[in-house]
Amino acid sequence: MDNILEVENIEKRYGDLVANRDVNLAVRQGEIHAVMGENGAGKSTLMAILFGMIRPSAGTVRLRGKPVQFASTLDAISARIGMVHQAFKLFPSLTVWENIVFGAEPVRGALLDRKAARERVAALARTHHLDVDPDAVVGKLPIGMQQRVEILKALYRDAEILILDEPTAVLAPAERDGLLKIMRELAASGKTLLFVTHKLNEVMAVSDRVTVMRRGEVTDRMVTADTTAAAIIRAMTGREVSHEVVKPATARGRPLLEIDRLMVGNAAKPALDAVSFAVHAGEIVGIAGVAGNGQAELVDAVTGRRVIDGGTLTIAGTRANDLSLRERRGLGMAIVPEDRHDVGSVAGMPAYVNMSMGKHRAPPLSRRGLIDRAAMRRHAETLIQRFGVAIQGPDTRVGTLSGGNLQKLIVAREFDHQAPVLLVEQPTRGVDVGAIEYIHRVLVDERSAGRAVLLISSELPELLALCDRILVLYEGRIVRELAASQTDEKEIGFYMAGGKGA
Amino acid sequence: MTMATGRPAQIWISLRRPAITGAVGIVVAVLVLALSGVDPLRALSALVYGSLAPANIADTLNWAVPLVGMTLVAAVPLRAGIINLGGDGQMVVGALAAALTAIYLPVPGPLALVLALLAGAMAGSMLALLAAWGETRFGVPLLISSLLLGYPAAGVASYLVSGPLGDLGSGLAQTAQLPLDARLPLLAGVNGGVVLIVLLCVLVIFIDRRTVFGLETQVRGENRLFASYVGINAPLQTLRLMGFAGAIAGSVGAILVLGAFYRFIDGALLSPGYTWSGLMAALVGRGEPIASVLAGFFFAALQTGGFAMQRETSVPRVFTTMMQAVIVLVLTLRFGGRSGRHD
Ligand SMILES: Nc1ncnc2c1ncn2[C@@H]1O[C@H](COP(=O)(O)OP(=O)(O)O)[C@@H](O)[C@H]1O
Ligand SMILES: [Mg+2]
């Protein structure tokens, strides 16, 4: 067997918590090896061990047949391993080539040989069809391009094994397809890729073999061509997960969120240009669009983060243009924000504080301005139970939760308001399959309960599965309204790219 | 999902910081003293004796009254992540308002005393509110507006007592003496304002732990974006916190006038640097009231002991300032590595 990398009986403990237990992994030269698992399964821990970022508590790593022990990432790099992190480690104010050669600059005498460096970067980009301008300033590049810079950085250091930890989590659909193509080409040119993800379709699309992890252990190893999505999901979750969302028929009620000729931004090039639509009780309306076509501005306008420059916003029958977010929430709007770490939660505070916010000003959580911590803990416990949040207890700080669990906690808090209008942004981005299934189910339950749900998502399958109607935003305008039951990804994609209607 | 939260582990985590700080502090102190040719043991015992011996504890308390008070002035807004650099100005206007009320208001002494305290609190509060309003209304960063407003406030006070409202006979920039019955009584040699400061500490701790306002303040301090997302009104919160902090600063000024100097003396309030020591104590406690107050008291003892040490040995008082700086540095360092997730 020509295994380039072998991991034997790796274990990693953090106190009582076992992040990796008895993990075995065999990666062949030139393959794309997917590592799958729900949030908290221990994938990043394993990758961090392979890249020399942390040391295992026990076990051996064998590289090209020889046992290795990395004291730091420098050792891993000199052993020709490269890693693209989820959060990029680039200097935004430097150019692409400067970032790539940083720390490994070619020199002539004592000076940086700028010309040689730039040439090498350009040549490298050409060989691997990684289409980036070496002179562009990194901070001005879209995320997908920045990721290419990270990949080039690893290739520049002669990486043979490339570790990609959830590289697609931050990407828009088109960027994701580009990345998958690049990955295939890299593998074809002889590189070995370790691809961490929890998205099934990506694994099915590019990987040669899959190693599945759950709760720190390897639960299965499969050859992609011989397995099915259902089998992988079973190995990941330990149970059957249905992908089908059952949407019961609901009667569409009165409009609860009304947006009428909404304008945001300057008149010459408005971010939102006379956008009009209404979300009625008992329906889910989705917003599709390539990032940067007005979704962010729409959310900001609805939540009051941005001034509305024209038109009207009506929440549950009341004009809300000039109201504060607190007042808008008071009219009956709950929000699941896109950024769950920086906006949706406060990492350093316990779950019961996180889950009480918004209800903390009124009985039973407080009386006459005095808070009742016992009531807050009970409230949190109830929600933790009801929404199945995997957390030690109400006093646990939420900064330790995995993405899926944190999202469940936020969804629990917001849905518990029973607000007539729900604004839900990217509810399942970076969330594992088990939690996705759950979040989708409760969203549909909210619809059945007669709420008006506005769903902003970059996942077209999600929009298709959940929505009644899908509105496509392009350059600040709604260019098309589609009935979810009568359209498909291709048609939505056509309008997202600015295609004109027939 | 079973994180390590065994008892011993938690106790170690909460004691680690103070323990390491204490150790570093003592090592640095011994080293510096030994290097400058002083017997460390003699100097340090003079410091401890000078601050905590029964005969000296009143000195420490008298120093702690304004210092702990000014700790609250910094800690209350800091809990929400707001830095109030205007303590000096707020204290001075409070002191002047209290002095003028006690001297000139034609009411019986005890009533004048109460009104003087109120006037002091109100004056300090108004100045702080002005700074806060600069931020909420015009976007002038509070860090700047609070600091800058202090200079004209101190300047105007200084002008008033050296001219129109001064005690011209004395030839110094100060007001006349307060009437005897409008002064705070001494309690066993300690400024009677100590009672008020203790009450203020209790009030601040109560608000912090038990009220909706206190909880919202902490939430804002931990994550501003989250606070506004859940509907906390940040400008209103800023105004309230600064108004409250200013009122405490004004009260501290009033207490010094009514219970220690018995007149407003230009410069006397600012030269000991209570505001800055208080700010340091609040930073050490990260705005958490109990930790901040303890740090404030500790600094007061350290500084009082420093006077004694200067008398008994050749070690100058700045030694305690250095110690204080070392402590603040060590306590505000992040040690123990990043314990965050790596994904
Ligand atoms: N530095 C750390 N300290 C304590 N626990 C950690 C640390 N890093 C990860 N963990 C825990 O180890 C487990 C596995 O985490 P991780 O490898 O990040 O999972 P994945 O990448 O599969 O989502 C999780 O329960 C996580 O909370
Ligand atoms: Mg991970």
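The values are calculated or read from the model by the stated rules, or taken from the named source; none is laboratory data. What you are looking at is a predicted structure, and each value in this text was computed from that prediction instead of being measured. Using ideal geometry, Cβ is built from the backbone for each residue, glycine included, and neighbour counts are taken over all protein chains shown. With ligands, DNA and RNA removed, areas are computed over all heavy atoms of the protein, side chains included. Shrake-Rupley method; radii C 1.70, N 1.55, O 1.52, S 1.80 Å.
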Going through (1) crowded, with 20+ Cβ neighbours inside 10 Å; (2) over 23 Å from the mean Cα position of the chain (by Cα) one by one, B:Leu149 fails only at (2)
Considering the range A:337-370, residues that are facing another protein chain (nearest Cβ under 8 Å) and among the small types (Gly, Ala, Ser), and then whichever is farthest from the chain's Cα centre (by Cα), we arrive at A:Gly369
A careful count of residues in the range B:33-90 that are on the phi > 0 side of the Ramachandran plot and of a type in the set (Asp, Glu) gives 0
Here the residues within the range A:199-219 that are more than 25 Å from A:Pro173 (Cα to Cα) and open to solvent by less than 60 Å² (accessible area, probe 1.4 Å) are A:Met213, A:Gly216, A:Val218, A:Thr219
A:Leu365 vs (1) closer than 30 Å to A:Ala249 by Cα; (2) in contact with an Asp or Glu (Cβ under 7 Å, 6 or more places away or on another chain): all pass except (1)
message = Scan the range A:301-318 and tell me whether some residue there is among the polar types (S, T, N, Q), more than 9 Å from chain B (Cβ to nearest Cβ), out of contact with any Asp or Glu (no Cβ under 7 Å at 6 or more places or on another chain) and outside any loop (DSSP other than H, G, I, E, B).
response = yes
Scanning the range A:481-498 residue by residue, those open to solvent by 80 Å² or more (accessible area, probe 1.4 Å), farther than 14 Å from A:Pro173 by Cα and free of Cβ contacts under 8 Å to residues at least 24 places away in the same chain turn out to be A:Ser485, A:Gln486
Note on the range A:371-390: residues within 10 Å of another protein chain (Cβ to nearest Cβ), open to solvent by less than 60 Å² (accessible area, probe 1.4 Å) and modelled with pLDDT of 90 or more are A:Ile371, A:Asp372, A:Met376
How many residues of the range A:20-63 are open to solvent by 10 Å² or more (accessible area, probe 1.4 Å), within 12 Å of ligand 2 (Cβ to nearest atom) and touching a Ser or Thr at 6+ places or on another chain (Cβ under 7 Å)? The answer is 3
| Yes/no for A:Val101 being among the aliphatic types (A, V, I, L, M), more than 28 Å from A:Arg148 (Cβ to Cβ) and away from ligand 1 (no atom under 14 Å from the Cβ) | no
Among the residues of the range A:7-26, the number that are farther than 14 Å from A:Val218 by Cα and over 26 Å from the mean Cα position of the chain (by Cα) is 3
Does A:Val96 count as within 27 Å of the chain's Cα centre (by Cα), surrounded by 14 or more Cβ atoms within 10 Å (Cβ to Cβ) and more than 30 Å from A:Ala26 (Cα to Cα)?
yes
Over the range A:151-209, the set of residues of a type in the set (Ser, Thr, Tyr) and within 16 Å of ligand 2 (Cβ to nearest atom) is A:Thr168, A:Thr197
Practice item. Return yes when B:Thr136 is within 14 Å of another protein chain (Cβ to nearest Cβ), more than 30 Å from A:Asp372 (Cα to Cα) and in contact (Cβ under 8 Å) with a residue 40 or more places away in the chain and no when it is not. Key: yes
- Task: Check the range B:123-142 and report whether any residue there is among the small types (Gly, Ala, Ser) and in a loop (DSSP other than H, G, I, E, B).
- Result: yes
Q: Could you please let me know if A:Ser324 is under 26 Å from the mean Cα position of the chain (by Cα), facing another protein chain (nearest Cβ under 10 Å) and open to solvent by less than 60 Å² (accessible area, probe 1.4 Å)?
A: no
Practice task
Output yes when any residue across the range A:104-111 is closer than 20 Å to A:Ile161 by Cα, outside any loop (DSSP other than H, G, I, E, B) and away from ligand 2 (no atom under 16 Å from the Cβ), and no when none is.
Solution key: no
Within the range A:210-228, residues within 16 Å of ligand 1 (Cβ to nearest atom) and β-branched (Val, Ile, Thr) come out as A:Val210, A:Thr211, A:Val212, A:Val218, A:Thr219
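This table checks each residue for (1) over 19 Å from B:Met70 (Cα atoms); (2) away from chain A (no Cβ under 14 Å); (3) open to solvent by less than 70 Å² (accessible area, probe 1.4 Å); (4) modelled with pLDDT of 80 or more.
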site	(1), (2), (3), (4)
B:Gly305	yes, yes, yes, yes
B:Met309	yes, yes, yes, yes
B:Leu329	yes, yes, no, yes
B:Thr332	yes, yes, yes, no
B:His342	yes, no, yes, no
Apart from one, (1) more than 27 Å from B:Pro110 (Cβ to Cβ); (2) under 24 Å from the mean Cα position of the chain (by Cα); (3) among the β-branched types (Val, Ile, Thr) all hold for B:Val198; the odd one out is (1)
Of the residues in the range A:381-395, those that are of a type in the set (Val, Ile, Thr) and in contact with a Ser or Thr (Cβ under 8 Å, 6 or more places away or on another chain) number 0
Considering the range A:43-61, residues that are of a type in the set (Ser, Thr, Tyr) and within 8 Å of ligand 1 (Cβ to nearest atom), and then whichever is farthest from the chain's Cα centre (by Cα), we arrive at A:Thr45
Flagged pairs (Cβ under 6 angstrom, 6 or more apart or on separate chains; first in the range A:219-237, farther than 17 Å from A:Gly40 by Cα; second open to solvent by less than 60 Å² (accessible area, probe 1.4 Å) and at pLDDT below 90) are A:Ala229/A:Leu200
Filtering the range B:45-57 down to residues that are among the aliphatic types (A, V, I, L, M), open to solvent by 30 Å² or more (accessible area, probe 1.4 Å) and free of Cβ contacts under 8 Å to residues at least 24 places away in the same chain yields B:Ala55, B:Ile57
Review point. If you go through the range A:65-76 one residue at a time, do you hit one that is of a type in the set (A, V, I, L, M, F, W, C), open to solvent by less than 10 Å² (accessible area, probe 1.4 Å), touching a residue at least 24 places away in the same chain (Cβ under 8 Å) and within 22 Å of A:Val203 (Cα to Cα)?
Key: no
